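Here is the structure we will look at.
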Amino acid sequence: MLIVTKPGISKEAFRALLEEIKRQGYTPHVSEGESHTLIGAVGAPPTPELMEHFRALPGVDQVIRISKPHKLASWEVHPEPTVVDFSTGRTGDGRFMVAAGPCGVESREQILTAARYVKEHGGQMLRGGAFKPRTSPYAFQGLGVEGLKLLAEARAETGLPVVTEVTSPDLVEVVAEYADVLQIGARNAQNFALLKAAGGSGKPVLLKRGMSMTLDEFLMAAEYVLSEGNPNVILVERGIRTFEKSTRFTLDVSAVPVLKSQTHLPVWIDPSHAAGRRDYVTPLALAGTAAGADGIIVETHPNPEQAKSDAAQQLHEEEFAALMEAVRRLLPAVDKALAAQA
Ligand code: PEP
Ligand code: MN
C-alpha cells in the first residue's frame, strides 16, 4: 500500500509511522516529493481494516492500495523518473547514454583499443564481458577476474565507467569490486538468487530482458533488485524470441513506450543481441532511440571478424563512429542530447 504523509508531519510522527509499518510486517520505501512524502509499504495485500488503521495515525494524509504487482517499479510509488547515478555518469535524467565495447574482454590490447575509440567517438560507458554466459560449455567463457582487471585499467585510462556481466550470486562481490554497473544478462533475468545478490551489492544494475519474458515478468525481475533496497536499475530490451529467423532475436521496440508508461526506471535498448548481424544494428539502435529509450548498449570490437564471441554482430570502429553520428543527428527530434562524458 502507499501511504501519503501530510505536508507538515513531525519527525517523531514520521519515525513512529515507519516503526508501525514494520511492526505490521511491511517494508517501508520512502520517496520524498516536493510537497509530501510517499511511503511504499511493501508486503501482503492489506486488509481494509489495516488501511483504516494507518489512515487514523498522526500525520497520515492518504492510504492507497497499489494496483500493480511490481510496486516499487511503478509510478505510483515513485512519481519522478529514477536517475541512476554512478560515480562517473548518470542515466534517466533526460540525456541519452551510449555504452559500447566488445562482447567479451579478450586481451589488454583489445579492450584498451576499444575503450579509446568508444571515448573518442563520444560513448559514455564501456561494456565488455569478463564472465560470459555461453550456450555451449566448449565456447570461450571469458577471462574472469583477469578481464575485470583489464576493464578497470581501461576505466583508469579513459575515465569511462564500466558495465560488465555477473553470472552467479557468488561472483557479485568480485564483479562489484571492479565494475561501476552490474549487468544481469537475458539468460539470468529470472535467476532470483542473482537478482537479490545484485540488489544487495549497492551497485547499479543493468538488467536485460529475458528472451521469453513478458514485460510484466521483466518488471517483476526488476522488483527483486528494488526490494533489496537498491533503487538503481536500468531496464534493457535486447530482443525476444519469435518465429522470425532473419534476425537473431526480434527487437521489441514497443517495450520502450510500454515500459516508460509503467515504470520510472530508465529504459535502454541493446540492438546488437537483437540483430545478431552488424548491418542491422544501426537501424535498430535508431528505432529504439526514436521510440524514447534513455540509452543504448552496443557491441563493437577492434577486429570483429576475430572476436571470440558474437563476431557477426560487433561493429567495426568506423561503423560505431557512424552510429554515434546518426544518433547525434536523431536526438534533437526526440528532445534529447547525448549525456556528458566523464
Ligand atoms: C552480452 O551483453 O554480451 C549478452 C550476453 O547479452 P544478453 O544477455 O542480452 O544475451
Ligand atoms: Mn554479446
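Of the residues making up region 289-303, those that are surrounded by fewer than 24 Cβ atoms within 10 Å (Cβ to Cβ) and part of a helix (DSSP H, G or I) number 1. For region 242-255, the condition holds for at least one residue, the condition being that it is at pLDDT 95 or above, within 16 Å of ligand 1 (Cβ to nearest atom), within 25 Å of Gly40 (Cβ to Cβ) and among the small types (Gly, Ala, Ser).
A count restricted to region 183-210 and to residues that are within 16 Å of ligand 2 (Cβ to nearest atom) and in contact with a Pro (Cβ under 7 Å, 6 or more places away or on another chain) stands at 3.
Counting only helices (runs of 4 or more DSSP H) that fall entirely inside region 107-192 and contain at least 2 residues that are assigned by TED's automatic domain parsing to the domain that holds Pro302 and within 30 Å of Leu219 (Cβ to Cβ), the qualifying elements are 145-158, 172-178. Taken over region 237-276, the residue count meeting the criterion of being within 16 Å of ligand 2 (Cβ to nearest atom), outside any loop (DSSP other than H, G, I, E, B) and either touching a helix residue (DSSP H, G or I) at 6+ places or on another chain (Cβ under 7 Å) or over 23 Å from Lys68 (Cβ atoms) (or both) is 7.
Select from region 92-140 the residues that are aromatic (Phe, Trp, Tyr) and within 13 Å of ligand 2 (Cβ to nearest atom) and write down the one among them that is farthest from Ala290 (Cα to Cα).
Within region 92-140, the subset aromatic (Phe, Trp, Tyr) is 96, 117, 131, 138, 140.
Among the residues that remain, those that are also within 13 Å of ligand 2 (Cβ to nearest atom) are: 131, 140.
Working: Phe131: 32, Phe140: 35 Å.
So, considering only residues that are aromatic (Phe, Trp, Tyr) and within 13 Å of ligand 2 (Cβ to nearest atom), the one farthest from Ala290 (Cα to Cα) is Phe140.
Applying a threshold of 9 Å to beta carbon distances and a minimum spacing of six or more residues, or different chains, the list of pairs starting in region 176-187 at a residue that is more than 25 Å from Gly239 (Cβ to Cβ) and ending at one that is polar (S, T, N, Q) and within 16 Å of ligand 2 (Cβ to nearest atom) reads Tyr178/Thr164. Here's a check for you: in region 160-177, which residue that is out of contact with any Asp or Glu (no Cβ under 6 Å at 6 or more places or on another chain) and closer than 18 Å to Val84 by Cα is surrounded by the fewest Cβ atoms within 10 Å (Cβ to Cβ)? Top of the filtered list is Ala176. The criterion of at least 3 residues that are over 21 Å from the mean Cα position of the chain (by Cα) and of a type in the set (A, V, I, L, M, F, W, C) is met by the following strands (runs of 3 or more DSSP E) wholly inside region 1-96: 2-5, 37-42, 60-64. Any residue in region 283-312 that is at positive phi sitting within a Cβ distance under 8 Å of a residue that is in a helix (DSSP H, G or I)? List the pairs, counting only those 6 or more apart or interchain. Pairs found: Gly292/Val256; Gly292/Pro257; Gly292/Lys260; Gly292/Val334; Asp310/Ser272; Asp310/His273.
In the list Asp170, Asp216, Asp180, which residue meets the criterion of being farther than 17 Å from Asp270 by Cα and in contact with a His (Cβ under 8 Å, 6 or more places away or on another chain)? Only one candidate qualifies: Asp216.
The values are calculated or read from the model by the stated rules, or taken from the named source; none is laboratory data. Since the model is a prediction, treat every value here as computed from it, not as a measurement. Using ideal geometry, Cβ is built from the backbone for each residue, glycine included, and neighbour counts are taken over all protein chains shown.
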